[in-house]
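Asks: Dropping a structure here in structure tokens format, bear with me for questions.
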Amino acid sequence: MKSRKNLTRFTYDATAFQGWRLCISKTGTTFTKYFGDKKYGGQRKTLKAASDTLAELKELLESSRLVSGKLSKTTISKARKLLASA
């Protein structure tokens, strides 16, 4: 499977991790979450979980207000909680 925008596939034989990495930035703040194949039960299920989380995160970031050109602390904390619960 190929990587997609904001989702990168990791399938290295030399490491123990295989899965998807979600990484998105907005106004200088970067959010990253790793989705492992073992936890989600396979490559396709992991991609679906990562895609669903990415869609929720994009929706949150697009609807948020900027304070002095940056994301507000409330928005950042909501995004981190969303990633932690995924």
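We did not get these values from a lab; they are worked out from the coordinates using the rules stated. Note that the coordinates shown come from a computational prediction; the quantities given were computed from them, not determined experimentally. Using ideal geometry, Cβ is built from the backbone for each residue, glycine included, and neighbour counts are taken over all protein chains shown.
Asks: Radius of gyration and Dmax for the chain's Cα atoms, expressed in Å?
Replies: 13.9, 45
Asks: Which links in K45/K73; K39/K81; K38/K70; K33/K70; K39/K73 stretch past 26 Å when you go from one Cα to the other?
Replies: Check vs 26 Å cut-off fails for K45/K73; K38/K70; K39/K73.
Asks: Cα axis of helix 43-63 to longest principal axis of the chain: angle in degrees, 0 to 90, nearest 10?
Replies: With rounding to tens, the tilt is 10 degrees.
Asks: Quick one: dipole size for the chain, taken about the Cα centre, charges +1 on Lys/Arg Cβ and -1 on Asp/Glu Cβ, in debye to the nearest 20.
Replies: Using Cβ point charges on Lys, Arg, Asp and Glu, the chain gives about 80 debye.
Asks: Listing F10, F31, F17 from the residue with the fewest other Cβ atoms within 10 Å to the one with the most, what is the order?
Replies: F17, F10, F31
Asks: Under the rule of -39500 (n - 2.57) per DSSP H run of 4 or more residues, summed and divided by the residues of the chain, what mean residue ellipticity at 222 nm is obtained, to the nearest 500 deg cm²/dmol? Mind dumping the intermediate values first?
Replies: On the way: 3 runs with 38 residues, N = 86.
Taking each H run of at least 4 residues, the total per residue is -14000 deg cm²/dmol.
Asks: Another one. May I ask you to compute the full-extension gain from T32 to F10, defined as 0.36 nm times their residue separation minus their alpha-carbon distance, rounded to one decimal in nm?
Replies: 6.5 nm
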